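Step one of this worksheet: look at the structure below.
The values are calculated or read from the model by the stated rules, or taken from the named source; none is laboratory data. Everything quoted here is computed from the prediction, not taken from an experiment. Methodologically, a virtual Cβ is constructed for each residue, glycine included, from the backbone with ideal geometry; neighbour enumeration extends over all protein chains shown. Please note that ligands, DNA and RNA were not included when accessible areas were found on the heavy atoms of the full protein model with its side chains. Shrake-Rupley method; radii C 1.70, N 1.55, O 1.52, S 1.80 Å.
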Amino acid sequence: MSNAPSSTSSSDAPEIVQRGAFALTMRRLLRDPATLISFAFIVLLSLFAIFAPLTEIWTGHSAIEQYRETGMTPMGLPVGPNGSFLMGTDQLGRDVFVRLAYGARISLAVGVLASLAAATIGVTIGMCAGFFGGWVDTVLGRIMDLVMSVPFLLCALALVSVFGPSLSLSVSVIVFFSWTTIGRVIRAESASIAKREFIQASRSMGASNLSILIRDVLPNLAVPIIVYTTMMIPSSIVFEATLSFLGLGIVPPTPSWGGMLADAGANSIYLVAWWLVVFPGFALLFTTLAFNILGDGLRDALDPKGRKIVRRRKSRKNRTTTRKETAQ
Amino acid sequence: MIAFLTRRLSFGVLVLFTLSAFVFLLFYVAPGDPARMIAGEKATAQQLAQIRENLGLDRPILVQYASFLGDALRGDLGFSYRNQQPVVDLIVRRIPVTVSLVLGGVVVWLAIGIPIGIMSARFAGGLRDRLGQVFILIGLSFPTFVLGMLALYTLYFLPRKNGFVLFPPGGYAPLLDDPLKWAWHLTLPWLTLALVTAAIYARLTRGQLLSVLGEDYIRTARAKGLSERCVVYKHGMRATLTALVTQLGADIAVMLGGVIVIEQVYGLQGVGSMAVQAVRNQDRPIIIGVVLLGGLFIVISNILVDLLYAALDPRTR
Amino acid sequence: MPLIEARNVTIRIPTEDGGIHAANSVSFSVEEGELFGIAGESGSGKSVLMQAIAGLLPGAEIEGEVLFNGRDMLTMSEAERRALRGAQIGMIFQDPLSSLHPFYTIGSQIAEMIHAHEKVDKAEARRRVVEMLERVGIAEADKRYDAYPHEFSGGMRQRVMIAMALILRPPLIIADEPTTALDVTVQAQIVELLDEMRRSFGTTVIMITHDLGLLSSVADHVMVMYAGTRLEIGATEALFAMPAHPYTLGLLRSSPAADSNGSPLIPIAGKPPSLLARPRGCVFAPRCAQASDLCHTTPPPLRRYSDATEALCHFTASLPEDEPVTEQTTPPAASRTSARYVVEASGLSLTYRSKKGFGRAVENHVLKGVDLTVRKGETLGLVGESGCGKSTLARVLAGLAVPTDGEVKIQGEPIASLTAARWREMRRRVQMVFQDPFGSLNPRRRVGAIISDPMRIHNIGTAASRKARVQELMETVGLNPEHFNRFPSEFSGGQRQRIGIARALALEPALIILDEPVSALDVSIQAQILNLLQALQRDLGLTYLFISHDLSVVRHICDRIAVMDKGQIVESSTSEQLFRAPAHPFTRELLGATHHPPALTGVDTRHLISETPFMTQEAQA
Ligand SMILES: Nc1ncnc2c1ncn2[C@@H]1O[C@H](COP(=O)(O)OP(=O)(O)OP(=O)(O)O)[C@@H](O)[C@H]1O
Ligand code: SF4
Ligand SMILES: [Mg+2]
């Protein structure tokens, strides 16, 4: 091996310290204040939701009890924010603050659960379609197209009208109509991974499809999975709130943000009681905003390629790929 | 081209077929007796049997489905349980409102979204990009109905409380009676409806245009000595357009969802609010009708989008 | 007055990790009518330099001056620069497919160039475009005017690019690797076309390439760049006969064409530096065979020689006195003919059927009756142009694709008849090394896991024994065994290719199929890998099937060569025989299209005139 120059001979060159992928990601994240603030907001909101019973103890108001004496004006209108009702009361004299805390539970639970479930389905189906190609891809791809050409809110209406509104139905509907978003992305990604040479290498060594899927394909999908699951949370939250707003989601009197807004909208009561729309409305807005910013931030930190303005093409690495493309 | 069209059409038919089977089965297996819904609580057993026979509910499910399909193809979707009027008539009466809403919304959404995306991409990293990104994030995050309620509160209620009328409280004015009034009534709904999709489009335009601007052929265009404007709008946007058109197909369903909510918030008597009322009233023929109509709308728009795509990209020809 | 002259051009590209020093005080001048070549390894800043000059690099910080006909292009307004681009400076890029807009017809893309700079009506523009298309050799130009880029082959597209660059008859053309993406035979045609056009229009050409052989045959002057620094510049003949700079010398000595069969190349050790930091001394010092302590601490001066060659070095390049005697000689071919066959393939055909639209089936005959044998211990080269079926044949031999017809025997055993278990076992005996060092290793797995993969898949050994074996293998291929815990991204291209080779060695296969193993690497690194492959074969008695499009590489490493064209093997003989007396016209065409740099004379006729300190911006600061 005398004339095989050892690669370690390069160690006398001034070497740039190689940072691990994780360290790099953390470094990028820490430099991004918007993402950090969003993350902090989400943590606080989760605490608010988890410790919702504490707000009951602290204010002495239950989430569903109607305080017709203290919480309403003599004319039967809700009272605005004051020392006793931090965020005022609603048209039935219930404490908006306490209800907001309990509503956060629903929103977060639905958002996270539905996204996780949808991501699991979407990733599995997308990965199979993209990796196997051929008729598997045709069938699965057609199914995705089919689900996406369905007027989903109308179908949700139809389902609710038959089975009656419930939390589990809301979650199922959300999952059923949102797995295609991530499924489509994962399908395209896996299809391009399946063409990479390291897959061929594994195959040439005799690895089974399952082993290739789990060891070679899945780890390379980590970035889109993390990013798209995060981005699916806000849309699931809005989806749930929309169903509740249309009166088809969480059954009253259980508090949910969408339901609170629906109550505010009914009879246009919010026009005289702004706090009924401002508090739940902004809670909803800030929550989705936080998740969206977090998703964007994660994508930038995990996959900085998308951020570069001028893409760098590797000349001769490209060479053969182009040649192959033109050959086909 | 013919083969392509046939494929798209047959897929459209498959979608509608699946959808019809879905709603039909849904209501067939659903608990609750349609005859009782029509006749009301006080109906006698004999009346109920009579209604069942009229509706053909005593026949086997496949026969019922076949006749349902046949009727639907002939444009007969049955009668509302509530007021016994033909579903098709009910829907047709409400279509102008919904179509006005959708068309205006699409115009506004494209007119806001694409320019913001272009601006963001052209000045990537700069202040204008930052502003564009803020718009994108807020637009994506704002739940339609919250936005609608806030808009009504600030742009209708607050001015009115202070003695002047900026926007109407909602409702619809027919186009043919008074186009100005029509537009005035629909301005807020259009803006609200368009915001989310505009944000999606701004983001998509920005991302696509950015990646296109990094392509080699853009470098070629610059090397020709073309002006930056020509490089971005002629060469860059030409390639971005196909991506936008593809997305257009996926967003039509989102848009329809938005329509339902908007009609609810602004009290517009369109097809969407009819569906919501029908759900509350358990008026199943109307729900079926609206779902099928929505499906038809999506299928047709998707075919148009695909044709547009094929026209835009010479490589698919 | 030179047509274009760059003076101390320094380019810094800001990135997230810090500024990239893509060019450091680079100066050169190009006289009217000459062909000026820029050579250098990938990432040496060739393209950046040219794009910065043309104003196509908006994000970069550029200092110095670039005089075009006496006017400084770096200080002129964007509008003035735009007027120059296209009309005065035409550009041709590497990849003709991605450089043409996919949605506009080629005619309109060329005509756009005319309209951008001249007031011409449409018909007149069209007439001129058609005329130019005809001149660059596009048949039926009037019809092809309305065709889209995807309807052209690679070579045709490059012709279109050339037509576009020439349509306004600019005095200067910058061609950035105009032939790299093309097949050898097409490459030759394009270079010829460029040369002809330049002569008939009197155009000055700056040509960027990493292909030294090509430059030696067409360029008048050559500039050699390394890590954003101009190391040497001079007249082509002198430079190729005996370079003044150790780096140029190293490059030439690591090109396989420089010597004939078998003897080891002299690679440049190590890998190109990161451009993020500037070293204190010479940029090339870590890899330079002639480096002394001085080189590491003091920036080298600019040495000017009597023949106008300039080099940035403390010394003058010289061939080492004690040229290492070739330690190994290739065993005589005779001893191999008796060896038994590892691969026997006969009558291999493969046809892909794809359905287009409704019913119309399209048949694509990829392999048409291929016969091939590989003997134990030999290296069989398989050459051919892109799309001729080389890789498909490799996949068939590896058992990854099933031939439509014909039979493959591995060590005498027909693979078609294998049971599932035997088939898996067969996988152990044939291993592959792939072309793309970035694509063939899973970026998310550690190197140790990648190399031990074959053992894991075939359930061989315990975790501890596998680890020991991995470290042994890493040692064998010249990697630091301590690095088994790293990810592929932490290695350079050449090192990754070593990882791929280690993985292929893990199960001691009977045959290793190398599918273009060095074509993604720079010459200096390529030489390292070729030497490694030869050393391994010698020590471990390996059998290789070596696929490549590069004849000089194949000639260097192979005992026998099979030439493939359109799914058939048109000629197969020993390397020497093939090069001495090619039988098939296609082989002759291939051979004719390959450029070799002329052999080094080693005779130094020039003498040093002056030595001036050379200051980069950093050094001054
Ligand atoms: N837009 C960019 N942003 C950041 N870095 C860049 C950019 N373009 C090029 N670089 C870096 O500048 C250096 C020089 O690149 P350049 O493309 O000029 O090399 P080259 O000599 O042309 O190589 P090749 O033979 O691969 O074409 C490289 O390190 C490259 O990564
Ligand atoms: S200066 Fe020293 S290290 Fe640099 S090239 Fe010359 S001899 Fe080699
Ligand atoms: Mg280059």
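What is the packing order of peptides B:60-70, C:242-252, C:534-544, C:20-30, taking the mean over residues of other C-beta atoms within 10 Å and listing the highest first? Kindly include the intermediate steps, with their values, before the conclusion.
Numbers: B:60-70: 12.7, C:242-252: 26.0, C:534-544: 18.2, C:20-30: 22.0.
Highest to lowest by the protection proxy: C:242-252, C:20-30, C:534-544, B:60-70.
Backbone amide hydrogens, once placed in the peptide plane, bring C:Gly90 within less than 5 Å of C:Leu172, C:Ile173, C:Ile174, excluding anything fewer than 5 places away on its chain.
Given a Förster distance of 51 angstrom, what is the FRET efficiency for C:Leu591 paired with A:Arg31, based on the Cβ-Cβ distance and rounded to 0.05? Write out the running numbers ahead of the final one.
On the way: r = 56 Å, r/R0 = 1.10.
Calculated transfer efficiency: 0.35.
For A:Trp274, the solvent-accessible surface with a 1.4 Å probe is about 100 Å², rounded to the nearest 10. Legend: P(r) of the protein assembly as shown from all alpha carbon pair distances, 10 Å bins from 0, whole percents, reading 2, 8, 14, 18, 18, 15, 11, 8, 4, 2, 0, 0, 0.
Please compute, for peptide C:488-496, the average count of beta-carbon atoms on other protein chains lying within 10 Å of each residue's beta-carbon. Provide the component values of the computation, followed by the final result.
Values: counts 1, 3, 4, 2, 2, 3, 3, 3, 0.
Mean number of neighbouring Cβ atoms from other chains: 2.
Using the alpha-carbon positions of the stretch C:167-222, Rg (one decimal) and Dmax (whole number) come out as 11.0, 30 Å. A crude spin-label estimate for the pair A:Ser46 and C:Glu131, with each label 7 Å from Cα along the Cβ direction, gives 7.2 nm.
Taking the highest mean first, how do the peptides C:219-226, C:457-464, C:489-496, C:401-408 order by number of other beta carbon atoms within 10 angstrom per residue? All intermediate terms of the calculation are to be shown ahead of the outcome.
Working: C:219-226: 24.5, C:457-464: 12.2, C:489-496: 20.9, C:401-408: 16.4.
Top to bottom by mean Cβ count within 10 Å: C:219-226, C:489-496, C:401-408, C:457-464.
Here's the picture: a label point sits 7 Å out from the Cα of B:Arg315 along the beta-carbon direction, and within the stretch C:75-117 the residues with their amide nitrogen under 12 Å of it are C:97-104.
Taking the Cα centre of chain A as the origin, how large is its charge dipole in debye, to the nearest 20, when only Lys and Arg (+1) and Asp and Glu (-1) carry charge on their Cβ atoms? Can you show the working numbers first?
Values: 28 positive and 19 negative charges, 416 e Å.
Computed about the Cα centre, the dipole is about 2000 debye.
Amide H contacts for C:Leu382 (H built 1.01 Å from N in the peptide plane; partners 5 or more residues away or on another chain; cut-off under 5 Å): C:Phe546, C:Ile547, C:Ser548, C:Ala562.
Peptide C:277-286 has a mean shielding of 2, counted as Cβ atoms of other protein chains within 10 Å of each residue's Cβ. For the stretch A:133-153, a drop of 40 Å² or more in accessible area on going from the chain alone to the assembled protein chains (1.4 Å probe) is found at A:Arg142, A:Leu146, A:Ser149, A:Pro151, A:Phe152, A:Leu153. Each part gets one Cα centre, and for the stretch A:86-141 versus the stretch A:197-227 those centres are 27 Å apart. Peptide C:102-108 has a mean shielding of 4, counted as Cβ atoms of other protein chains within 10 Å of each residue's Cβ.
In order along the stretch C:467-481, the phi-based Karplus estimate (6.51 cos²θ - 1.76 cosθ + 1.60, θ = phi - 60°) of 3J(HN,Hα) comes to 4, 4, 5, 4, 5, 4, 5, 4, 4, 4, 8, x, 10, 6, x Hz; Gly and Pro are listed as x. Between C:Glu140 and C:Glu118, the FRET efficiency estimated from the beta carbon spacing at R0 = 22 angstrom works out to 0.25.
Surface composition of chain C: carbon plus sulfur atoms hold 51% of the accessible area, using a 1.4 angstrom probe and ignoring ligands, DNA and RNA.
So who's got an amide H within less than 5 Å of the one on C:Ile208, skipping anything under 5 residues away but keeping other chains? H placed 1.01 Å off N, in plane. Residues meeting the amide H criterion: C:Ile38, C:Ala175, C:Asp176, C:Glu177.
Of the peptides A:261-273, C:555-567, how do they stack up when ordered by the mean number of other Cβ atoms within 10 Å, highest first? Write out the running numbers ahead of the final one.
Details: A:261-273: 19.6, C:555-567: 22.8.
Per-residue mean Cβ counts within 10 Å order the peptides as C:555-567, A:261-273.
Quick one: buried accessible area between B and C, total over both chains, 1.4 angstrom probe, nearest 100 Å²?
On the way: alone 17570 and 27440 Å², together 42680 Å².
In total, chains B and C hide about 2300 Å² from solvent.
Taking a probe of 1.4 Å, how large is the accessible area per residue of chain A, in Å²?
On the way: 14340 Å² over 328 residues.
Result: 44 Å² of accessible area for each residue.
Between the stretch B:99-126 and the stretch C:38-67, the alpha-carbon centres lie 37 Å apart.
With a 1.4 angstrom probe, the accessible area lost at the A-C interface totals about 5200 Å². Rolling a 1.4 Å probe over the protein heavy atoms gives the stretch C:4-226 an accessible area of 33 Å² per residue. Taking all protein chains together and a 1.4 Å probe, the residues A:Ser192, A:Ser170 rank A:Ser192, A:Ser170 from largest to smallest accessible area. With each label modelled as a point 7 angstrom along the Cα→C-beta vector, the B:Ser227-B:Leu73 pair spans 5.8 nm.
Normalised by the number of residues in the stretch B:89-316, the average gap of Cα pairs under 8 Å and 6 or more apart makes the relative contact order 27 percent. Plainly put, chain C has a radius of gyration that is 0.98 times its Kirkwood radius, both from alpha-carbon atoms, as the Rg/Rh ratio.
For C:Ile569, what charge total do you get from the other residues with a beta carbon under 12 Å from its beta carbon, if Lys and Arg give +1 and Asp and Glu give -1?
Details: positive: C:Lys368, C:Lys390, C:Arg560, C:Lys566; negative: C:Asp371, C:Asp565, C:Glu571.
That works out to +1.
Positive contributions from Lys and Arg (+1) and negative ones from Asp and Glu (-1), summed over other residues with Cβ under 12 Å from the Cβ of B:Gly257, come out at -2.
Please list C:Lys409, B:Lys181 from largest to smallest accessible area, probe radius 1.4 Å, with all protein chains kept in place. Numbers along the way, then the final one.
Numbers: C:Lys409 65, B:Lys181 95 Å².
Largest to smallest exposure gives the sequence B:Lys181, C:Lys409.
Net length available on complete extension from B:Gln277 to B:Thr154 is 41.5 nm, with 0.36 nm assigned per residue and the Cα-Cα distance removed.
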